Amino acid sequence: MRRTCVKDILNAENSVSEILVKGWVRTKRDSKGFSFLEINDGSCLKNVQVIIDHTPEIEAELEKISTGASVSVLGELIESPGKGQKWEVRGKAIEMLGYADPETFPLQKKRHSDEFLRTIAHLRPRTNKFGAMFRVRSELSYAIHKFFRDKGFFYVHTPIITGSDCEGAGEMFRVTSLDYAGLTRKKEEQLADDFFGKQASLTVSGQLSAEMYALSLGQVYTFGPTFRAEKSNTPRHAAEFWMIEPEVAFADLDDNMDLGEEMVKYLISHVLEKCEDDIALFANFVDKTLMDTLRNTLDNEFERIEYTDAVNLLQNCKDAKKFEYRPEYGEDLQTEHERYLTENHFKKPVIVYNYPKEIKPFYMRVNDDNKTVAAMDLLVPRIGELVGGSQREERLDVLERRIAEIGMASEDYWWYLDSRRFGTVPHAGFGMGFERMLMLLTGVTNIRDVIPFPRTPKNLEF
């Protein structure tokens, strides 16, 4: 007999004379002559209650079952007389599928700290909070693809192994087939014998490759893992994370800002509709202000302010002396500055644009003032930067000059420059941190808690 998911059981319209449910025991309570089991199979936040009468055979099986064990129950779906639940299963037979030692199973308590659960990342999806988190993560992934598909974008798989540094920061993980511990030759000789014959790294962004396809297919997006060898242990950074990166031909900075705002609102709306119970858990137990934040984001147009004006605002605001880092022109905004703009001053998401060219990558379009670039950062409450992007520099001579100014080797980007030699057009794009979007949606404040198996400095356990 095929099992019925708990989600489908709880949404059933009629009673069923015979039903098979399988899952993990959340709680077991024994009474005289019968037992109650709460069973969850991960299909939804809620459990299904099973009531099963004691017989010698059933009692023998129940003795082996405790919290965390997996079971199979054959029974009847009936209306529940208890409050808060429409259906329950009247069990006729039960089988333990997998034993969980009550002395060593680490999820006996109802509440565990996030810090403890990070040490058992392989088991934390069995808790309510993390089960909800990864159902939301799954639904958000689908929503991203649906958003772009409905708008006529094409999905492009860009390389994970690359020879190009998109950001120019050099914080990249090396990829090699050589045993460097046993090599004593010069670097150039070593690279000649390596798999690709040159230095290779894990990608920090699929943007440069995506641009090539936008300049062929019109509008494309990437959605995949990216890697940064940045030794940062902040709650917002991880060495491996996922990025959504659209690129649009014949688009400018205003188009880019419009797309970013539209996308954020769409994703919030979709998840609120499809993950109501899971989001309610985060609103009740993680961040009491979560629903207000999400509704405020949906209901308001995002503020747009030039970088220069944002710095002036921050320097002259009443809380300027409280900042740990003084806002200065020519410096990136710190998280505290971004949060002040979104949470204290404008009280809604903010898009800061037209940054000094010295603090932005080579591919961003230089404005007519020759001091700033057509860059944009979309900031949201609690998180700070959620989206970063720009109109891309489509002029060959300006792009070559920018590459030289930064000290990069133009020959490494010959293929990228070709797109400006042959049929160049204005185009724009951005990158959205997938995990940061999850943090916005759930109120969770540490990126380690929105990734199944987080990769951070000194952490490669699972």
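Could you tell me which of the pairs Lys64/Lys288; Lys198/Lys231; Lys146/Lys288; Lys64/Lys274; Lys32/Lys274 are separated by over 32 angstrom between their Cα atoms in the structure shown?
With Cα atoms farther than 32 Å apart: Lys64/Lys288; Lys64/Lys274; Lys32/Lys274.
Say each of Lys318 and Asp254 gets a label point 7 Å from the Cα, pointing the same way as Cα to Cβ; how far apart are those two points in nm?
3.5 nm
Extension gain Thr104-Asn296, at 0.36 nm per residue separation less the Cα-Cα distance, in nm?
64.6 nm
Considering only C-alpha atoms, what is the centroid distance from segment 75-135 to segment 389-442, in Å?
Segment 75-135 and segment 389-442 have Cα centres spaced 47 Å from each other.
I'd like the antiparallel share, as a percent to the nearest 5, of DSSP beta bridges with both residues in segment 124-449.
Bridges in segment 124-449 are about 85 percent antiparallel.
Can you find, among Leu313, Ala60, Tyr353, the residue farthest towards the positive end of the dipole of the chain? Put +1 on the C-beta of Lys and Arg, -1 on that of Asp and Glu.
Ala60
Please give the length that would be gained between Asp332 and Glu79 if that part of the chain were fully extended, namely 0.36 nm times their separation in residues minus their C-alpha to C-alpha distance (nm, one decimal).
Stretched out fully, the Asp332 to Glu79 stretch lengthens by 85.1 nm.
Hey, what's the Cα Rg ratio for segment 6-98 versus the globular rule of thumb, 2.2 N^0.38 Å?
Rg over 2.2 N^0.38 Å, computed on Cα atoms: 0.98.
Gap in Å between the Cα centre of segment 220-271 and the Cα centre of segment 315-358?
21 Å
Per DSSP H run of n ≥ 4, the term is -39500 (n - 2.57); total these for the chain, divide by its residue number, and report the mean residue ellipticity at 222 nm rounded to 500 deg cm²/dmol.
Computed mean residue ellipticity for the chain: -9000 deg cm²/dmol.
Excluding same-chain residues fewer than 8 positions from Lys46, which aspartates and glutamates have a Cα within less than 14 Å of its Cα?
Those aspartates and glutamates meeting the cut-off are Asp8, Glu38, Glu88, Glu276, Asp277, Asp278.
Taking neighbour Cβ counts within 10 Å as the exposure measure, how do Arg392, Arg124, Arg2 sort from fewest upward?
With the fewest neighbours first, Arg392, Arg124, Arg2 line up as Arg2, Arg124, Arg392.
Quick check on the exposure proxy: order Tyr142, Tyr266 from fewest to most C-beta atoms within 10 angstrom.
Tyr142, Tyr266
In debye, nearest 20, what is the charge dipole magnitude of segment 16-58 about its Cα centre with +1 on Lys and Arg Cβ and -1 on Asp and Glu Cβ, if you could check?
In total the dipole reaches around 220 debye.
Output the peptides 201-213, 450-462 sorted from most to least packed, where packing is the average of other Cβ atoms within 10 Å over each peptide's residues.
201-213, 450-462
Given R₀ = 35 Å, what would the calculated FRET efficiency be for Lys274 paired with Ser15, taking r from the Cβ atoms and rounding to 0.05?
Plugging the Cβ-Cβ distance into 1/(1 + (r/R0)^6) gives 0.80.
Compare the peptides 302-310, 106-114 by average per-residue count of other Cβ atoms within 10 angstrom and give them in order, highest first.
So the order, starting with the most tightly packed, is 302-310, 106-114.
In segment 324-462, if the dipole is taken from +1 on Lys/Arg beta carbons and -1 on Asp/Glu beta carbons about the Cα centre, which of Phe453, Met364, Ser410 is farthest to the positive end?
Farthest along the dipole direction, towards plus: Phe453.
State which helices in the chain qualify, where a helix is a whole DSSP H run, it must extend 30 Å or more along its own axis by its Cα atoms, and its mean Kyte-Doolittle hydropathy must be at least -0.5.
128-150, 253-274
What share of all Cα pairs of the chain, in percent, falls into each consecutive 10 Å distance bin?
Percent of Cα pairs in each bin: 4, 17, 24, 22, 15, 11, 6, 2, 0.
Only counting other Cβ atoms within 10 Å, I'd like Met1, Met439 sorted with the fewest neighbours first.
By the 10 Å Cβ count, ascending, the order reads Met1, Met439.
Readers should treat all values here as calculations from the given coordinates under stated rules, not as data from a laboratory. Note that the coordinates shown come from a computational prediction; the quantities given were computed from them, not determined experimentally. Every residue, glycine as well, gets a Cβ built from its backbone with ideal geometry; the counts of neighbours run over all protein chains shown.
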